[in-house]
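Enquirer: Below is one structure. I have some questions about it.
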Amino acid sequence: QIKTRRRLKPTAAACTLEVIMFARLRTAAPRRLRTNAAAVRDHTDLGRVLSYDSHSIYTVKPEIAGGDFPNPALDPRVIPFFKEHPPVQASRRPLEHVKIGFVGWGSMAQAISLGLLREEATFPEQIMVSGRRQQVLAEAEKEGMASSMSNKAVAEWADIVVVAVKPQMLDKVMPELASVWCKDKLLVSVCAGVPIDSFLQSLGKDAKVVRTMPNTPCMVGEAATAYAGSDHCLEQDLEITEKMFAAVGKATHKVPEHLMNAVTGVSGSGPAYIYMLIQAMSDAGVHSGLPRDISLSLATQTVIGAAKMVQTSGKHPMVLKEAVTSPAGTTIAGVKVLEEAGLNAALMKAVHAAKSRAEELSQVKPAPRRGRSGARRLPRK
């Protein structure tokens with residue numbers, strides 16, 4: 001917060017540098033401010049006050065914010081400049097300064113790119129996509145995005161390259177990307193089961209690669225996503241990745257790469273388990289006399305409502321289950337049957353089977369398990 005001589009509305013806090021320059025800047029933390037780029041670059045007197053970066057962002061220098069500069073508001077060379085060049089309001093689009101390219105524009109890439117536009121995380125002109133079908137690319141152009149039939153053109157243009165092709169297509173795609181790759185670019189993979197090392201073999205060991213695992217509810221803005229970065233990824237690279245996937249879902253988590261296959265078992269394959277649950281509940285309703293459409297609607301909304309209860313209440317699912325289960329009531333009668341049928345065990349086996357299959361496909365050895373003491377468990381003879 002910046003203290004000023006006049007009271008500001010919260011939405012106007014970043015609207016005028018004139019007010020900020022009249023303020024007493026008491027904190028040593030840099031202030032990121034937006035103003036007219038060309039005007040500030042041409043006004044050399046402001047070199048004592050502001051520093052400039054490549055995205056037209058101006059930062060009050062820490063030594064000035066800390067009070068070493070007597071008082072910017074009293075400098076007669078500074079005040080006329082801000083009256084002559086009023087700043088524009090700071091943008092709320094967190095990814096507007098990076099160019100994002102999508103290599104492959106299938107359903108997952110479409111969900112992510114359109115989600116970024118829906119959430120106003122960037123502008124359409126900052127996105128470019130490639131694909132093999134002109135009809136699909138025409139749909140991207142209708143949304144204001146650039147398109148190309150060339151993967152190489154997209155990789156050369158973009159700062160962030162999202163690889164969203166089928167894993168079996170990588171042998172053809174990666175040489176195209178490698179031919180124009182530079183160390184400043186970031187590759188974000190949504191290719192299921194493909195480890196980071198596979199990309200580093202094509203791009204070089206110092207490449208910045210983020211492996212992600214979103215799931216299909218990404219298409220309706222409800223994705224659950226996990227991601228892991230290569231050794232050369234900076235913190236800001238991971239932050240950008242998180243912002244991208246936060247635009248299409250509420251659960252975005254950074255995990256070590258050796259846990260990505262567990263993520264596949266839980267959230268990657270998980271929607272299929274929930275669809276089976278909804279279908280079974282709907283069939284049971286029909287068997288009990290409900291019309292199909294009503295039974296399916298009730299079952300679907302029950303799953304949505306229960307999930308929101310877990311997500312928003314912060315309570316453990318067991319606690320929420322106990323709140324519904326009254327003594328000798330209908331719910332405990334149904335829970336008893338599910339326990340006897342082994343629902344919990346069946347779901348745990350399903351997740352483990354999906355994880356094991358993901359390990360086979362990605363050929364990534366799981367990290368050694370540790371005991372309660374933290375020591376590695378020795379293999380059994």
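Enquirer: Please give, to one decimal in nm, the separation of the simple spin-label points placed at VAL255 and ALA280, each 7 Å out from Cα toward the Cβ.
Expert: Computed distance between label sites VAL255 and ALA280 equals 2.3 nm.
Enquirer: Please get the size of the charge dipole for the range 110-217, origin at its Cα centre, with Cβ charges of +1 on Lys and Arg and -1 on Asp and Glu, quoted in debye to the nearest 20.
Expert: So the magnitude is around 360 debye.
Enquirer: State the extension gain, in nm to one decimal, for the chain segment bounded by GLU120 and THR216, taking 0.36 nm per residue of separation less the distance between their alpha-carbons.
Expert: On the way: separation 96, 0.36 × 96 = 34.56 nm, distance 2.11 nm.
Residue separation times 0.36 nm, minus the Cα-Cα distance, leaves 32.4 nm.
Enquirer: A further question follows. Residue by residue through the range 288-296, what is 3J(HN,Hα) from phi via Karplus (6.51 cos²θ - 1.76 cosθ + 1.60, θ = phi - 60°)? Round to whole Hz and write x for glycine and proline.
Expert: 3J(HN,Hα) across the range 288-296, in whole Hz: 8, x, 6, x, 4, 5, 5, 4, 5.
Enquirer: Could you go through the range 178-191 in sequence order and give the Karplus-derived ³J(HN,Hα) for each residue, using 6.51 cos²θ - 1.76 cosθ + 1.60 with θ = phi - 60°, rounded to whole Hz, and x for Gly and Pro?
Expert: Coupling constants for the range 178-191: 4, 5, 10, 6, 9, 5, 7, 6, 10, 9, 10, 9, 10, 7 Hz.
Enquirer: Sticking with this one: Order TYR227, TYR275, most accessible first, counting only protein heavy atoms with a 1.4 angstrom probe.
Expert: Ranking TYR227, TYR275 by accessible area, largest first, yields TYR275, TYR227.
Enquirer: Note down the nm distance, to one decimal, between modelled labels 7 Å out along Cα→Cβ at GLU239 and at ILE294.
Expert: Result for the modelled spin labels: 5.4 nm.
Enquirer: For VAL162, what residues show an amide H to amide H distance below 5 Å, using hydrogens built from the backbone and excluding near sequence neighbours?
Expert: Close amide H contacts, sequence-distant or interchain: GLY101, PHE102, VAL103, VAL188.
Enquirer: Report the dimensions of the range 153-310 along its three principal axes from the alpha-carbon atoms, largest first, rounded to Å.
Expert: Result, largest extent first: 63, 30, 28 Å.
Enquirer: Pairs of Cα atoms under 8 Å, at least six residues apart: use those to get the relative contact order of the range 115-228, whole percent.
Expert: About 17 percent, as a whole number.
Enquirer: Expected output is a single nm value to one decimal: the length gained when fully extending between HIS352 and SER313, i.e. 0.36 nm times separation in residues minus the C-alpha distance. What is it?
Expert: Taking 0.36 nm per residue and subtracting the Cα distance, the gain is 11.3 nm.
Enquirer: Here's something else I'd like to know. What's the center-to-center distance, using Cα atoms, between the range 221-286 and the range 140-192 in Å?
Expert: Centre-to-centre distance over Cα atoms comes out at 22 Å.
Enquirer: Probe radius 1.4 Å, ligands and nucleic acids ignored: give me the carbon and sulfur share of the accessible area of the range 137-205 as a rounded percent.
Expert: Values: 1550 of 3250 Å².
About 48 percent, which is the carbon plus sulfur part of the accessible surface.
Enquirer: Something else about it: Between VAL303 and LYS205, 0.36 nm times their residue separation minus their Cα-Cα distance comes to what?
Expert: That works out to 30.9 nm of additional length.
Enquirer: Still on this structure, I have one more. With a Cα-only, solvent-free Debye model of the range 316-358, what are the log10 I(q)/I(0) values at q = 0.16, 0.28, 0.29 Å⁻¹?
Expert: For the range 316-358, the Cα-only Debye profile gives -0.55, -0.95, -0.98.
Enquirer: Would you please give the residues with an amide H less than 5 Å from that of THR252, counting only those at least 5 places away or on a separate chain, with H modeled from the backbone geometry?
Expert: Amide H to amide H, under 5 Å and 5 or more residues apart or across chains, THR252 pairs with THR225.
Enquirer: Near the amide H of ASN215, under 5 Å away, which other amide H atoms are found, from residues 5 or more places off or on another chain, if H is placed in the peptide plane?
Expert: ALA224
Enquirer: With +1 on each Lys and Arg Cβ and -1 on each Asp and Glu Cβ, how big is the dipole of the range 212-370 about its Cα centre, in debye rounded to the nearest 20?
Expert: 340
Enquirer: Measuring with a 1.4 Å probe in the full set of protein chains, what accessible area per residue, in whole Å², belongs to the range 128-244?
Expert: 47
The values are calculated or read from the model by the stated rules, or taken from the named source; none is laboratory data. For clarity, every value in this text was computed on a predicted model and none was experimentally measured. As a convention, Cβ positions derive from the backbone with ideal geometry for all residues, glycine included, and neighbour counts pool all protein chains shown. The protein model used for the area step is the full one, side chains on, heavy atoms only, and it has no ligands, DNA or RNA in it. Shrake-Rupley method; radii C 1.70, N 1.55, O 1.52, S 1.80 Å.
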